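To start, the structure itself, in structure tokens.
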Amino acid sequence: MTVPRTFLSTLTGLFASPAAENPTVAMMEAAYHHHGIDARYLTCDVSPAGLADAVNGARAMGWAGFNCSLPHKVAVVALLDGLAESVRIIGAVNCAVRRGEQFIGENTDGRGFLTSLRTVIDPAGQAIVILGAGGAARAIAVESALAGAATITVVNRTPERGRELVRLLGEHTPTSAIFAPWDGAYSVPTGTTIVVNATSVGLFPDVDSQIALNLESLDSSMVVCDVIPNPPRTRFLRDAQRRGCRTIDGLGMLVNQGAVAIEHWTGVSPDVDVMRAALNDVFDLPSPDHT
Ligand code: NDP
């Protein structure tokens, strides 16, 4: 019998609530297995009241790092030992990375989104409409602006949150950003090239929820993206496809932000096709992430 050099696996995982329907573990462990990395990814349902204990537990157990999803991305900032530069602008962490004895907050959502977007269109010079101003929207807006987007229109139900994101973009990036109030069905302005749903509308189990948007304003020249990973073919994307738009689903973003996390935790750049295939198995999807 071959005796392994260590029985101490690298520990990583996810803190979220609810967490049960989050499919991240499937793609992360597929990557670990594919690359022969002795690591685990544990999905943990952590309540807001338990977040500090969970972070301290991960610290005590020597975890290499962890992802944070709803509702912890902002609250976790105060529990970490330092923040990456983009997090200082975005204000939300989706990935903590152990460096020495410290947990440093990173945000891989925006980078994951851009990698997925670039399979279809370069964000530089584009006129982008972002629906939402929460954690995902902030990450996408900041990274798109830093990648050279010409204009970003932030559309959000709660005006204060939308205006705050626009202020942030104006302060930290060269992109021209404006806020558009979301009263009734929003009409996407002519000349828009990329539309992103960065709200939580359409997320399982509310799969039939409809985004308040005038579908007639979607033009076939537009690239339409959704951040919702579950289900991947959201009602919004199906509607956009019927309008002739090219679409990008939330699984592409999920895979690519996960790949960046694995790089942070293990130093290995994982094969994203392996990760996507694992998610396609979960969702019984043979198709690629854009059409
Ligand atoms: P937040 O709670 O921070 O933000 C939610 C956003 O959705 C807010 O802008 C909120 O508006 C808006 N919203 C919620 N309900 C409605 C509604 N009925 N009508 C209009 N707007 C609404 O969440 P996150 O930004 O962290 O996450 C948003 C989504 O992104 C989630 O579904 C998550 O699963 C997904 N996501 C996907 C990732 C991926 O890799 N694919 C990565 C990260 C997130 P308001 O400010 O008015 O409340």
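Filter region 90-109 down to residues that are touching a residue at least 60 places away in the same chain (Cβ under 8 Å) and closer than 29 Å to Arg246 by Cα and give me whichever is farthest from the ligand (Cβ to nearest atom).
In this case the residue turns out to be Thr108.
Could you check how many residues of region 217-231 are in a loop (DSSP other than H, G, I, E, B) and open to solvent by less than 10 Å² (accessible area, probe 1.4 Å)? If you could, list the steps in order and put the result at the bottom.
Step one: list which residues in region 217-231 are in a loop (DSSP other than H, G, I, E, B), which gives 218-222, 227-231.
Now restrict to residues that are open to solvent by less than 10 Å² (accessible area, probe 1.4 Å): 218, 222, 228.
Count: 3.
For region 114-167, which residues satisfy the criterion of being open to solvent by 20 Å² or more (accessible area, probe 1.4 Å) and within 9 Å of the ligand (Cβ to nearest atom)?
Gly135, Ala136, Arg138, Arg157, Thr158, Pro159, Glu160, Arg161
If the requirement is being basic (Lys, Arg) and assigned to a helix (DSSP H, G or I), which of these qualifies: Arg88, Arg5, Arg98?
On the way: Arg5 fails: assigned to a helix (DSSP H, G or I); Arg98 fails: assigned to a helix (DSSP H, G or I).
The match here is Arg88.
Could you say whether any residue in region 246-265 is among the hydrophobic types (A, V, I, L, M, F, W, C) and part of a loop (DSSP other than H, G, I, E, B)?
no
Does Ala96 fit the bill of being aliphatic (A, V, I, L, M) and surrounded by fewer than 19 Cβ atoms within 10 Å (Cβ to Cβ)?
Details: aliphatic (A, V, I, L, M): yes; surrounded by fewer than 19 Cβ atoms within 10 Å (Cβ to Cβ): no.
It is false that Ala96 is aliphatic (A, V, I, L, M) and surrounded by fewer than 19 Cβ atoms within 10 Å (Cβ to Cβ).
Could you list all residues from region 197-214 that are more than 8 Å from the ligand (Cβ to nearest atom) and either at pLDDT below 95 or open to solvent by 50 Å² or more (accessible area, probe 1.4 Å) (or both)?
Taking region 197-214 and keeping what is more than 8 Å from the ligand (Cβ to nearest atom), we get 197, 204-208, 210, 213-214.
Hits for region 197-214 are Phe204, Pro205, Asp206, Val207, Asp208, Gln210, Asn214.
Could you tell me which of the residues Thr24, Thr10, Thr6 is of a type in the set (Ser, Thr, Tyr) and under 22 Å from Gly250 (Cβ atoms)? Explain how you work it out, then say what you get.
Values: Thr10 fails: under 22 Å from Gly250 (Cβ atoms); Thr6 fails: under 22 Å from Gly250 (Cβ atoms).
Every option except Thr24 fails the conditions.
Looking only at region 99-113, how many residues end up being in contact with a Gly (Cβ under 7 Å, 6 or more places away or on another chain) and open to solvent by 50 Å² or more (accessible area, probe 1.4 Å)?
Of the residues in that region, 1 qualify.
Please verify whether region 239-247 includes one or more residues that are farther than 30 Å from Gly65 by Cα, out of contact with any Phe, Trp or Tyr (no Cβ under 9 Å at 6 or more places or on another chain) and either modelled with pLDDT under 95 or not assigned by TED's automatic domain parsing to the domain that holds Gly125 (or both).
The answer is no, given that none of the residues of region 239-247 is farther than 30 Å from Gly65 by Cα, out of contact with any Phe, Trp or Tyr (no Cβ under 9 Å at 6 or more places or on another chain) and either modelled with pLDDT under 95 or not assigned by TED's automatic domain parsing to the domain that holds Gly125 (or both).
Quick check on my filter: what residues within region 183-200 are in a loop (DSSP other than H, G, I, E, B) and in contact (Cβ under 8 Å) with a residue 40 or more places away in the chain? Break it down into steps so the answer makes sense when it comes.
Start the filter on region 183-200 by keeping residues that are in a loop (DSSP other than H, G, I, E, B), which leaves 183-185, 187-193, 198-200.
Hits for region 183-200 are Val188, Pro189, Gly191, Thr192, Thr193, Ala198, Thr199, Ser200.
So which residues in region 9-33 are outside any loop (DSSP other than H, G, I, E, B) and over 23 Å from Asn56 (Cα atoms), if there are any at all?
Here is the first cut: in region 9-33, the ones outside any loop (DSSP other than H, G, I, E, B) are 10-16, 24-33.
Scanning region 9-33 gives Ala26, Met27, Glu29, Ala30, Ala31, Tyr32, His33.
When Ser17 is evaluated against the numbered criteria (1) closer than 20 Å to Trp265 by Cα; (2) polar (S, T, N, Q); (3) within 15 Å of the ligand (Cβ to nearest atom), which criterion, by number, is the only one it fails?
For Ser17, the failing item is (1).
Being assigned to a strand (DSSP E or B) and among the aliphatic types (A, V, I, L, M) is true for just one of Ala240, Ala180. Which residue is that?
On the way: Ala240 fails: assigned to a strand (DSSP E or B).
Sole residue among the options that is assigned to a strand (DSSP E or B) and among the aliphatic types (A, V, I, L, M): Ala180.
Evaluate the following for Ala259: is it buried (at least 23 other Cβ atoms within 10 Å of the Cβ), at pLDDT 95 or above and closer than 22 Å to Thr12 by Cα? Spell out the reasoning first.
Working: buried (at least 23 other Cβ atoms within 10 Å of the Cβ): yes; at pLDDT 95 or above: yes; closer than 22 Å to Thr12 by Cα: yes.
Yes, satisfied.
The values are calculated or read from the model by the stated rules, or taken from the named source; none is laboratory data. Since this is a predicted model, take the numbers as computed values, not measurements. In this analysis, Cβ positions are derived from the backbone assuming ideal geometry, glycine residues included, and neighbour counts consider all displayed protein chains. Keep in mind that these areas ignore ligands, DNA and RNA; they rest on the heavy atoms of the full protein, side chains included. Shrake-Rupley method; radii C 1.70, N 1.55, O 1.52, S 1.80 Å.
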